[in-house]
1. Specify which of the listed residues (S195, S175, S150, S131) is hydroxyl-bearing (S, T, Y) and within 17 Å of S58 (Cα to Cα).
2. Here are the criteria: (1) more than 21 Å from S63 (Cα to Cα); (2) at pLDDT 90 or above. Tell me which single one P111 does not satisfy.
3. Do we find a residue being of a type in the set (S, T, Y) and not in a helix (DSSP H, G or I) anywhere in region 118-125?
4. State the number of residues belonging to region 218-231 that are surrounded by fewer than 13 Cβ atoms within 10 Å (Cβ to Cβ) and modelled with pLDDT of 80 or more.
5. Which of (1) modelled with pLDDT under 85; (2) loosely packed, with under 14 Cβ neighbours inside 10 Å; (3) part of a helix (DSSP H, G or I); (4) not hydrophobic (A, V, I, L, M, F, W, C) is the odd one out, the single condition G79 does not satisfy?
6. Name the residue that is nearest to Q94 (Cα to Cα), counting only residues in region 15-42 that are modelled with pLDDT of 80 or more and surrounded by 14 or more Cβ atoms within 10 Å (Cβ to Cβ).
7. Counting just the residues of region 82-117 that are aliphatic (A, V, I, L, M) and outside any loop (DSSP other than H, G, I, E, B), which one comes out nearest to A142 (Cα to Cα)?
Amino acid sequence: FDATAPLTISRGAAMMGWVVDKVLVSGRSTDPPLFVFEDLTAALSLFVQNLTNLVVISQLCQSIIGIPLDTVKKDIIPGTAAVILLGNIYFWWQGRCLARNETRQDVCAQPYGINTPDVFSFIFNIMAVVSRAAGHVNAYRAGLLANFMSGVVTLAVAPFGGLVQRTFPKPALFSALAGIAITFLAFGPLINMYSTAFVSLVPTFVLVLVLTAKVRLPGNCPPILLQWGLSIV
């Protein structure tokens with residue numbers, strides 16, 4: 001559309017068409033749908049994972065680093081949430097561009113969230129050390145610098161990502177993430193589940209059975225909602 005032309009109904013329609021085609025990457029017959037029901041299940045799973053990480057970060061920043069709760073609530077959590085939102089929007093847009101360029105209907109955007117291994121590595125190996133030597137303010141700054149340098153390294157090695165993906169099996173690539181998740185994120189809640197076994201374990205076992213057996217629930221209900229519902233009941 002011509003950005004210099006006066007605003008008219010036809011120009012407004014042209015602008016909307018441009019937004020749909022270029023921003024939403026939709027509108028063509030070969031484009032995948034903007035939303036499928038399975039997206040809800042994925043969104044809930046990603047939300048729970050990132051929420052768990054935020055709780056862990058909040059607790060560790062206060063107990064290990066000594067960062068005040070006010071700073072955690074006003075700076076760390078809102079900033080992290082904003083980055084997660086923007087990152088997921090960008091990955092969603094990348095996925096739609098890839099689907100259009102390759103005329104595919106099976107493209108799934110990579111979920112974007114908190115890097116669990118980095119959380120523990122930065123807090124215990126960098127921020128905790130700086131906190132003991134120079135206080136929590138400098139520890140917070142050191143964490144920000146470490147995060148920035150991690151991004152620089154990621155950009156530097158990104159061109160080799162395809163080679164790594166083709167060379168190493170997927171289980172090897174996820175082993176570090178899975179080990180950290182099981183040890184630090186899942187083990188504690190799993191132990192606590194036995195204090196209320198009927199309320200906690202029964203819905204969890206039902207969830208595991210539904211996921212492993214690939215059972216399709218009525219109305220395409222997300223399995224995690226079934227688990228929440230059983231826990232409440």
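The values are calculated or read from the model by the stated rules, or taken from the named source; none is laboratory data. Treat the numbers as computed from the prediction; the structure is a model and nothing was measured. Reconstructed Cβ throughout: ideal geometry from the backbone, glycine too, with neighbour counts over all protein chains shown.
1. S131
2. Against the list (1) more than 21 Å from S63 (Cα to Cα); (2) at pLDDT 90 or above, P111 comes up short only on (2).
3. No; the residues of region 118-125 include none that is of a type in the set (S, T, Y) and not in a helix (DSSP H, G or I).
4. Going through region 218-231 one residue at a time, the tally reaches 1.
5. (1)
6. Among those residues, the one meeting the criterion is V25.
7. V83
Conditions tested, residue by residue: (1) loosely packed, with under 12 Cβ neighbours inside 10 Å; (2) of a type in the set (F, W, Y); (3) at pLDDT 90 or above.
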{"site": "V129", "(1), (2), (3)": "no, no, yes"}
{"site": "V137", "(1), (2), (3)": "no, no, yes"}
{"site": "A142", "(1), (2), (3)": "no, no, yes"}
{"site": "A156", "(1), (2), (3)": "yes, no, yes"}
{"site": "G179", "(1), (2), (3)": "no, no, no"}
{"site": "G188", "(1), (2), (3)": "yes, no, no"}
